[in-house]
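Below is one structure, written out as structure tokens; the observations come after it.
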Amino acid sequence: MTNPPLQLEQSFFDHIQIDAQRDYEPPDSEQALVELPVDVEVKTAKLKDDPDRWNVILHVTVARHDTTIPPYVIDAECWSVFRVNAEDLDEEQAAQLSVVTGGSILYSSMREYLGMLTARGPWGGYFLPTISLVGAELSKTGGPTGGRKSAAKAPTARSKAATKANAARTPKARSEASRKANVSRGAAGRSSAAKKAAATRAAKKRGKKT
């Protein structure tokens, strides 16, 4: 059995921020689903002490937009170290391999991790859409590792199919959460109206006494 051209040695999530959006409206039907944009960036740098090992960083962002409100606003980053075992690859090809293959491995891991974390959220589990890093252009930048560093930004991922899958996983939970939110807002409105009415009656009584 031969070694794969790219081998994962270690990975970890160093930054995860998830904010549930209270004004998110769960879709009533598949026709009402919207496409949710996901921004993906992959950075890679050859390690100074070992030219066959590459640091690969995946950054994923799910943000609010003028026309779309996601169930969660997400900003997450995953760090990793990969070993390139293909001796016939030059530095440019090794960088491309670490971005496309390494970034895809991290993205899959990120999808599962975010799905697990959001499963306990008010809108149920959210799973990142499927994307392709093939053809991502590399841009050269300087890096703290002392080696060659490149960055590739994938086209904004829009996946209606993935959004449908998210909604289909927990429709009852999302519907119940939406109902509770509406009930809560209605109760708050009635409470405010009752306080105003009580204040008005008290003011009238004071006026009669004087």
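The values are calculated or read from the model by the stated rules, or taken from the named source; none is laboratory data. Quick caveat: nothing in here was measured; it's all calculated off a predicted structure. Cβ coordinates were reconstructed from backbone atoms using ideal geometry, including for glycine residues, and neighbour counts include every protein chain displayed.
So the values come out like this:
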read-out	value
Options T61, T68; residue that is β-branched (V, I, T), touching a strand residue (DSSP E or B) at 6+ places or on another chain (Cβ under 8 Å) and under 21 Å from H15 (Cα atoms)	T61
Selected residue (criterion: surrounded by the most Cβ atoms within 10 Å (Cβ to Cβ)) from residues of segment 110-127 that are in a loop (DSSP other than H, G, I, E, B) and either under 11 Å from the mean Cα position of the chain (by Cα) or on the phi > 0 side of the Ramachandran plot (or both)	Y126
In segment 1-30, residue modelled with the highest pLDDT [restricted to those that are under 16 Å from the mean Cα position of the chain (by Cα) and assigned to a loop (DSSP other than H, G, I, E, B)]	Q21
